[in-house]
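Enquirer: Pasting a structure here, questions to come.
The values are calculated or read from the model by the stated rules, or taken from the named source; none is laboratory data. These figures come from a predicted structure and were not determined experimentally. We place every Cβ from the backbone using ideal geometry, glycine too, and count neighbours over all the protein chains shown.
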Amino acid sequence: MSKCYGCGAEIQFNDISLPGYVPESVFSETDKVLCQRCYKLKHYGQLLPVSADSDFSKNIDTVLRDFKNIIYVIDIIDFNGTFRDEICEKIKNKNVILVVNKVDLLPKAVSYNDLKNWVYNQVKDKLPIKREFIRMVSAKNSTGIKRLFRVIKENFNSKMLVMGVTNVGKSSVMNALDYSHNSTVSSYPGTTLKLIKSNIKNLDHEVFDSPGIEPKDRLSDLLDIYAQVKMIPVKEISRKTFKPDPGRVLFISALFRMKILDYVKDDLNPVFIIFAPQNISFHETNEERAEEILGNRKVLFPPFDDNFNFEAIETERKNYTIYEGSDLVIPGLGWISVRRGPLKTTLWYPKGIKPIIRKSMVSPK
Ligand SMILES: Nc1nc2c(ncn2[C@@H]2O[C@H](COP(=O)(O)OP(=O)(O)OP(=O)(O)O)[C@@H](O)[C@H]2O)c(=O)[nH]1
Ligand SMILES: [Mg+2]
């Protein structure tokens, strides 16, 4: 039976609620076939929900036995949510190219070379990798794609598996490597459902696109699929500088807030920049107003849904001291880069989300 070239599912005529459905009347043995879900995604950007057990993580160990060469795609905007220990653990003995995608979303002033050094330092203890095999790319505007192709061609001579978290742009990278490859790309996580084999033009071996691995510990993972789509940055991420007095409270979305505890020194306020996708709200206020806002969070996004059940979210609280030159990362949301510190703060965040402190990704100019 044929497979859908968009998502990899086996074609079937019986059940519209399952992957790979095509009305029998439109099916032709001779043409490349696209399932109805991919058709709607590609042509109308509409999601036709199918109940697919697309959690590839369960099968990954079996699949990996077949591959020595891996193209691990991550999203630079959600570095800590997409560069993951459990994935590194599975592939650390393979030949890996790390594709750092979506660099078009970073502020223009960021140097790709500095960024590559930063990535190298972040990853080297978890994934033994040559610097040359870390590639900064944008599948969207083809930055770095030719070079990626050359690195693949010159160093790898047997089949490769493209893998990574959902929505990092694995299928987009495949399509950018070869325009005749036509995996379905969409802002909905879980677009690719099965392995898709591809003969990339001018490459002697096959490259396989794969379904995304779905983590559960990013802020976006608490939200429904429609909110997740709204949180995907479509243009350069926003950055906003704050210099709040001690006692002030800052909301980042309705689910995350921080209270400033102290001066840096001698009445000097901390200074930090928040980097996040454009449609994430920031709101600075005082403690009393913060209580009111907590009672009516409809002005803060995400969530984008008025009926979101805040009661279902358990909140944790922790104090942090973040030094100058470090970022506090909220995986799946954004990061706070401290420019005059230390920033002493109490954070409130949904249980299950792990804020992380790292060396600043974007250094001050
Ligand atoms: N700005 C930007 N967006 C990108 C880039 N690459 C992919 N995207 C967007 O990211 C979203 C996901 O892209 P896909 O290629 O479907 O991602 P995937 O990793 O194959 O996703 P799954 O198959 O669901 O695991 C889409 O909305 C793409 O348009 C990029 O380089 N820059
Ligand atoms: Mg895909």
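Enquirer: Tell me, which strands (runs of 3 or more DSSP E) wholly within the stretch 231-347 include 3 or more residues that are among the hydrophobic types (A, V, I, L, M, F, W, C) and closer than 30 Å to Ser187 by Cα?
Expert: Working: elements: 238-242, 249-252, 256-260, 271-276, 282-285, 315-322, 326-330, 334-340.
Those strands (runs of 3 or more DSSP E) span 249-252, 271-276, 326-330.
Enquirer: For the stretch 106-193, please list each of the helices (runs of 4 or more DSSP H) lying entirely inside it that holds at least 1 residues being over 15 Å from Val73 (Cα atoms) and either of a type in the set (Lys, Arg) or more than 16 Å from ligand 2 (Cβ to nearest atom) (or both).
Expert: In the stretch 106-193, the matching helices (runs of 4 or more DSSP H) lie at 112-123, 145-155.
Enquirer: Another question about this same structure. Looking at the stretch 46-57, is at least one residue loosely packed, with under 12 Cβ neighbours inside 10 Å and closer than 21 Å to Leu161 by Cβ?
Expert: yes
Enquirer: Scan Phe256, Phe275 and give me the residue that is more than 16 Å from ligand 1 (Cβ to nearest atom) and either under 21 Å from Trp348 (Cβ atoms) or out of contact with any Lys or Arg (no Cβ under 8 Å at 6 or more places or on another chain) (or both).
Expert: Phe256
Enquirer: Taking Gly144 and the conditions (1) among the small types (Gly, Ala, Ser); (2) under 19 Å from the mean Cα position of the chain (by Cα); (3) at pLDDT below 95, which numbered condition does it fall short on, given that it satisfies the others?
Expert: Condition (3) is where Gly144 drops out.
Enquirer: Regarding the stretch 186-198, can at least one residue be identified that is modelled with pLDDT of 85 or more, touching a His at 6+ places or on another chain (Cβ under 7 Å) and buried (at least 20 other Cβ atoms within 10 Å of the Cβ)?
Expert: Yes, the conditions are met somewhere in the stretch 186-198.
Enquirer: Could you pull out the residue among Lys159, Lys201, Lys170, Lys197 that is touching a strand residue (DSSP E or B) at 6+ places or on another chain (Cβ under 8 Å) and free of Cβ contacts under 8 Å to residues at least 40 places away in the same chain?
Expert: Matching residue, one of Lys159, Lys201, Lys170, Lys197: Lys197.
Enquirer: Is there any pair with a first residue in the stretch 280-301 that is under 21 Å from Lys243 (Cβ atoms) and a second that is modelled with pLDDT under 90 and of a type in the set (Phe, Trp, Tyr) whose Cβ atoms are under 6 Å apart and which are 6 or more apart or on different chains, and what are they?
Expert: Matching pairs, first to second residue: Ser281/Phe301.
Enquirer: Only one of (1) closer than 27 Å to Lys216 by Cα; (2) more than 16 Å from ligand 2 (Cβ to nearest atom) is not met by Gly45, so which one is it?
Expert: Against the list (1) closer than 27 Å to Lys216 by Cα; (2) more than 16 Å from ligand 2 (Cβ to nearest atom), Gly45 comes up short only on (2).
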